[in-house]
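Below is one structure, written out as structure tokens; comments come after it.
The values are calculated or read from the model by the stated rules, or taken from the named source; none is laboratory data. Because the structure is a prediction, the values reported are computed rather than measured. All Cβ positions, glycine included, derive from the backbone under ideal geometry; neighbour counts span all protein chains shown. What goes into the accessible areas is simple: the full protein's heavy atoms, side chains included, and nothing from ligands, DNA or RNA. Shrake-Rupley method; radii C 1.70, N 1.55, O 1.52, S 1.80 Å.
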Amino acid sequence: MQQKILILGAGFAGMWAALSAARLAAMHDREDIEITVLAPQPELRVRPRFYETEVASLVAPLQPLFDVTGVTFVKGEAQRIDSVNQCVWYRDEQGSSTPRQYDRLVLATGSNLKRDLIKGAAKHAFDLDQLESALRLEQHIAALAQQPESEARNTVVVCGGGFTGIEMATELPGRLRAVLGDKAATRVIVVERGDKIGGRYSSELRDVIATASEELDVEWRLNAEVHEVDAGGIVLADGERIASSTVILTAGVQASPLTEQISAPRDKQGRLHVDAFLRVEGQPAIFATGDVARAETDDLGNLALMTCQHAIMLGRFVGYNVAASLLDVAPLPYRQVNYVTCLDLGNWGAVFTEGWEQKVTKVREEAKKIKLSITQELIYPPVADRKIAFETADPLAPFV
């Protein structure tokens, strides 16, 4: 009798979950285990690079990889999870609502930016959340030169000073010069609710971010909150208005709303609480991974972040464990003790840190080389070769 593993999502966590599950099933010669990935498209969208140019090229096809590893791909969008009857209803290519049964479910549907948190943002702001919205922003910036000279045209406001906000903001001075010319009086302003530049990071890393921002002429508005976004710019909570034709949202990321359909504890970001084997608490047939999983990375209580660094390893472990649960094989506890930060800082360079204490070990061009190696090579899928794919899908293989 066929046993069905259904993986929702083809992002970093979903893709690696499929390869890892297929690897373990193949190791045990279990052709009766069907591994299916359900997602809108059979491609990995390289979201960590969406602040760059040529966004349309930042995708990697997955169908050849799935074909050689025996993974079934179903094109569709998951809509409803029926955990009692172990069934997922999804919208298929024809727009019909179609059921898909499972024996084990892996939720790997990622995260989304909540655009309704700020008045007017849904209509007037840009974001890097999805390929389509990042492409829209890229096209908008490229077309700024066609607009009449004005303060609003020359000013970009980035709402949120986290990882994505910093990378976008420090990328912008160079990009605006390329579009508007060196003589244009451009401004890049980061609006941050906290009282420090890079306040989520170590003091050592904050100092590097502040130095790079100063040299790039990136302005920070600290202790500031965006009250409203309109066609002409933003209004801060204190009433100050900043004229801008380009307002970019980078804050307010939440786990996929599909997590709300599963009866289990969730954290403030909507992530499902999972055990050491990434099984959802109280749901023996459901696993969670990537941005939808609240998972401990070590015995010190550090939690996996919503980054591809953690999603890749979470995917490898959850794939192994979901297959192990059908094979009567001992599961592997998820552990990812090593943690690094590699932050792109535009034309200034980059910064690389090691450990949860974020000790800075590389800066400027030296760190930039590492960043390019990570984003242009390391995080991409393996080639469509069964042996190589299975070797790299091993959860005990090194990543970073």
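Things worth noting here:
- Filter result for the condition that a residue is within 19 Å of the chain's Cα centre (by Cα), assigned to a helix (DSSP H, G or I) and under 25 Å from L326 (Cβ atoms), over A17, A21, A56, A10: A17
- Counting only strands (runs of 3 or more DSSP E) that sit wholly inside region 306-381, those with at least 1 residues that are crowded, with 23+ Cβ neighbours inside 10 Å, within 17 Å of the chain's Cα centre (by Cα) and in contact (Cβ under 8 Å) with a residue 24 or more places away in the chain are 340-344.
- In region 59-92, the residues that are within 23 Å of S256 (Cα to Cα), open to solvent by less than 60 Å² (accessible area, probe 1.4 Å) and assigned to a loop (DSSP other than H, G, I, E, B): L62, G76, S83, Q86, D92
- Flag for G120 being within 27 Å of S256 (Cβ to Cβ), within 18 Å of the chain's Cα centre (by Cα) and either at pLDDT 95 or above or not assigned by the TED database to the domain that holds V88 (or both): no
- If you go through region 384-398 and keep only what is touching a residue at least 40 places away in the same chain (Cβ under 8 Å) and either more than 16 Å from A311 (Cβ to Cβ) or open to solvent by 30 Å² or more (accessible area, probe 1.4 Å) (or both), you end up with A384, D385, R386, A389, F390, T392, D394, L396.
- Cβ-Cβ under 7 Å pairs, at least 6 apart or on other chains, region 121-139 side among the hydroxyl-bearing types (S, T, Y), far side at pLDDT below 95 and open to solvent by 70 Å² or more (accessible area, probe 1.4 Å): none
- Condition met for G290 (modelled with pLDDT under 95 and under 28 Å from E167 (Cα atoms)): no
- Which listed residue is within 30 Å of G160 (Cα to Cα) and aliphatic (A, V, I, L, M), from A276, A295, A285, A323: A295
- Conditions (1) open to solvent by less than 70 Å² (accessible area, probe 1.4 Å); (2) under 27 Å from A237 (Cβ atoms); number of the one not met by L117: (1)
- Residues (open to solvent by 10 Å² or more (accessible area, probe 1.4 Å) and outside any helix (DSSP H, G or I)) located in region 36-49: P40, Q41, P42, E43, R45
- Those strands (runs of 3 or more DSSP E) of region 200-262 in which 1 or more residues are at pLDDT 95 or above and in contact with a Lys or Arg (Cβ under 7 Å, 6 or more places away or on another chain) occupy 218-221, 226-230, 233-236, 246-249, 253-255.
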